[in-house]
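Report on the following structure.
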Amino acid sequence: MQAEPQVRHLLLVGGGHSHVILLRMLAMKPLPGLRVTLISESRETPYSGMLPGVIAGHYDRDEIHIDLGKLCRFAGVTLIAARVTGLDTDAKRVSIAGRPSMTFDVLSLDMGSTPDLSVPGASEYAVPVKPISSFLSRWAEAMEAIRAGHVKHIAVVGAGAGGVEIALAINHWVAQNITDKPLLHLYFGSEQVLEEYPDKVRSLVTRQLTTTGVRLHPGTRVKSVAVDRLTLHDESAWEADLVFWVTGASAQGWLADSGLTLNEAGFIAVEATLQSVSHPDIFAAGDNAHMTATPRPKAGVYAVRQGPYLHRNILAWLQQQPLRAYVPQDNFLSLLSLGPKQAVGSRTPLTIQGRWVWQLKNYIDRQFMARFQKLPDMPAARPAGLLTQLDQQMQCGGCGSKVSAGLLEEVLTDLGIDTEKGDDAAIWQPSPGKVMLHTVDGFRSFTDDAWLFARIAVNHALSDIYAMGATPVTALALVTTPLGRPALTKMLLSQMMSGAALQLSDAGVELVGGHTTEGPEMYLAFAINGQGEAAALMTKGGLQPGDQLILTKPVGT
């Protein structure tokens, strides 16, 4: 009989370009025994190359976003919509805001960069281009303010590729939609735009900027930002009702305390194999990575090219096979949008411009997005590792299927839940003059996010008590975790019980006990005890024509 493969946990942080490519490749060729979790602040990830097109009005929001939920379901990957706040490399543990931490066997980081808002007033009054999801919300508000005539001066700070494309896109949208156009200013510290581009590209883009009315301010550095103006380092002040911040990126702040080796700018130093130079079981790609042997500027093209190498090398590391070096190309076709459906492209020594160049860029961008928006039909993937590497206990449906007492006690103790009594039943005395109500409700998991699933299950069970006009007081939990090795079971149980404890605490309900077992899939139910005034209880049999039902939140949320 062939031995089951060892189950390992691959934890992905961030939904960047490299990770979406890795996810698609994992779906097409999964590794047996590999359990994969993606933690992303958003359930969608935007393709940055199409952002100027959204601003200019050439695309709508959905056309530039990848649905991470759909992609993760396709790949058999658990998606956790949450924010990572820290990394303990010694314990191989990632901290998550508002949730229990998660452990890993292999970690990959592709969460991009954050805008450098260290200039006084920038974080309060400027609109940073990243994260793109927040930027698009702010841009929608900006469009309304411009339409209403509240904006006379627009400032874009930064004249790299991103700043130039954003400025031209805004300028095009304004020209197409506003009669009394506000003035658009581009501020940058260099003496010319696009310093790292060929002279001919700079010349073409500069001409596009000036002929369309963008005022250029070369050699200027912003000293501070206020609600209606910019102050430069020469102390001159310029009106600015809207400020868009497209300057150099900075690294995620929590990386500084992670124990990883970082470069001077705080980005993760990686080998050519995309492994951390200090921790070979941790990989990084995209903007949050710094390639020590072959440094390159932050650009989406490198993140896209890194994706297949990241996939291959992580699987090779897990299988103790040789890894392959990623060597970034020195010369590639760079395509910049010029506002209207025109673009300029360059690949040394060639420079091209025109409407057909935009059409080429549009074709390339849409082909890339189609790989994730039009996923092929695949058989439903069994969650990796759930039915392998079982604990050394008799796997039956009776007492032998219980989660071990020690593991359960560890989880509950970490959550601050009293485990000292340990009696077989909880004792509860209802208030004098009140009647007791009992209900039980639960269901199988409909999401891989155990923390969110538990919160929903709690609300579902509590609603039975609320519906009768009573007050829930105590709860018993009936938990089934998927079969798996102890480390994975503990992590899943921690996520589930943390979500349940949070939701019960918010409702003022005490968790007084329960039963935990292992089975083929995740299941959660709660027996709720409540109390109320007998005369005030609302029953289905008491409904009369003309009675009104008041909804306190939208149905289905």
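The values are calculated or read from the model by the stated rules, or taken from the named source; none is laboratory data. These numbers were taken from a predicted model, which means no experiment stands behind them. With ideal geometry, Cβ positions are generated from the backbone for all residues, glycine too; neighbour counts draw on all protein chains shown. Accessible surface is based on the protein model in full, side chains and every heavy atom, while ligands, DNA and RNA are left aside. Shrake-Rupley method; radii C 1.70, N 1.55, O 1.52, S 1.80 Å.
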Some residue of the range 158-171 being touching a helix residue (DSSP H, G or I) at 6+ places or on another chain (Cβ under 9 Å), hydrophobic (A, V, I, L, M, F, W, C) and over 21 Å from VAL357 (Cβ atoms): no
Cβ pairs under 8 Å, 6+ apart, first in the range 233-258 and under 29 Å from GLY112 (Cα atoms), second surrounded by 24 or more Cβ atoms within 10 Å (Cβ to Cβ) and of a type in the set (D, E, K, R): ALA249/ASP287
Residue check, ALA75 over 16 Å from PHE453 (Cβ atoms), touching a Leu at 6+ places or on another chain (Cβ under 8 Å) and at pLDDT below 95: yes
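Conditions (1) modelled with pLDDT of 95 or more; (2) closer than 19 Å to THR247 by Cβ, marked per residue:
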{"site": "PRO115", "(1), (2)": "no, yes"}
{"site": "ALA122", "(1), (2)": "no, yes"}
{"site": "VAL156", "(1), (2)": "yes, yes"}
{"site": "LEU186", "(1), (2)": "yes, yes"}
{"site": "PRO198", "(1), (2)": "no, no"}
Test: residue in the range 522-533 that is under 32 Å from the mean Cα position of the chain (by Cα), surrounded by fewer than 21 Cβ atoms within 10 Å (Cβ to Cβ), closer than 30 Å to ARG8 by Cβ and not polar (S, T, N, Q): yes
Subset tally (residues that are open to solvent by 40 Å² or more (accessible area, probe 1.4 Å) and part of a strand (DSSP E or B)) for the range 453-472: 1
Positions within the range 300-328 being open to solvent by less than 30 Å² (accessible area, probe 1.4 Å) and either under 22 Å from THR114 (Cβ atoms) or of a type in the set (D, E, K, R) (or both), in sequence order: TYR302, ALA303, GLN306, GLY307, LEU310
Failed item in (1) touching a residue at least 24 places away in the same chain (Cβ under 8 Å); (2) of a type in the set (Ser, Thr, Tyr); (3) within 23 Å of HIS438 (Cα to Cα), with SER505 passing the rest: (1)
Members of the range 158-203 found to be of a type in the set (Phe, Trp, Tyr) and over 22 Å from GLY53 (Cβ atoms), listed by number: TYR187, PHE188
Residue identified as part of a loop (DSSP other than H, G, I, E, B), over 25 Å from LEU38 (Cα atoms) and at pLDDT below 70 among GLY397, GLY406, GLY433: GLY397
All helices (runs of 4 or more DSSP H) inside the range 47-159 with 1 or more residues being among the acidic types (Asp, Glu) and either over 27 Å from ALA269 (Cβ atoms) or open to solvent by 20 Å² or more (accessible area, probe 1.4 Å) (or both): 122-125, 132-147
Leading residue by the ranking (most open to solvent (accessible area, probe 1.4 Å)) among those in the range 491-508 that are over 22 Å from the mean Cα position of the chain (by Cα) and of a type in the set (Gly, Ala, Ser): SER505
Complete set of residues in the range 65-79 that are under 17 Å from GLY112 (Cα atoms) and touching a helix residue (DSSP H, G or I) at 6+ places or on another chain (Cβ under 8 Å): ILE66, LEU68
Residue within the range 33-42 that is in contact with a Pro (Cβ under 7 Å, 6 or more places away or on another chain) and on the phi > 0 side of the Ramachandran plot present: yes
Residue among ALA269, ALA256, ALA265 that alone is open to solvent by 30 Å² or more (accessible area, probe 1.4 Å), hydrophobic (A, V, I, L, M, F, W, C) and farther than 20 Å from VAL129 by Cα: ALA256
Subset of the range 99-127 (residues that are in contact with a Lys or Arg (Cβ under 8 Å, 6 or more places away or on another chain) and either farther than 30 Å from ALA145 by Cβ or of a type in the set (Phe, Trp, Tyr) (or both)): SER101, MET102, THR103, PHE104, ASP105, VAL106, LEU107
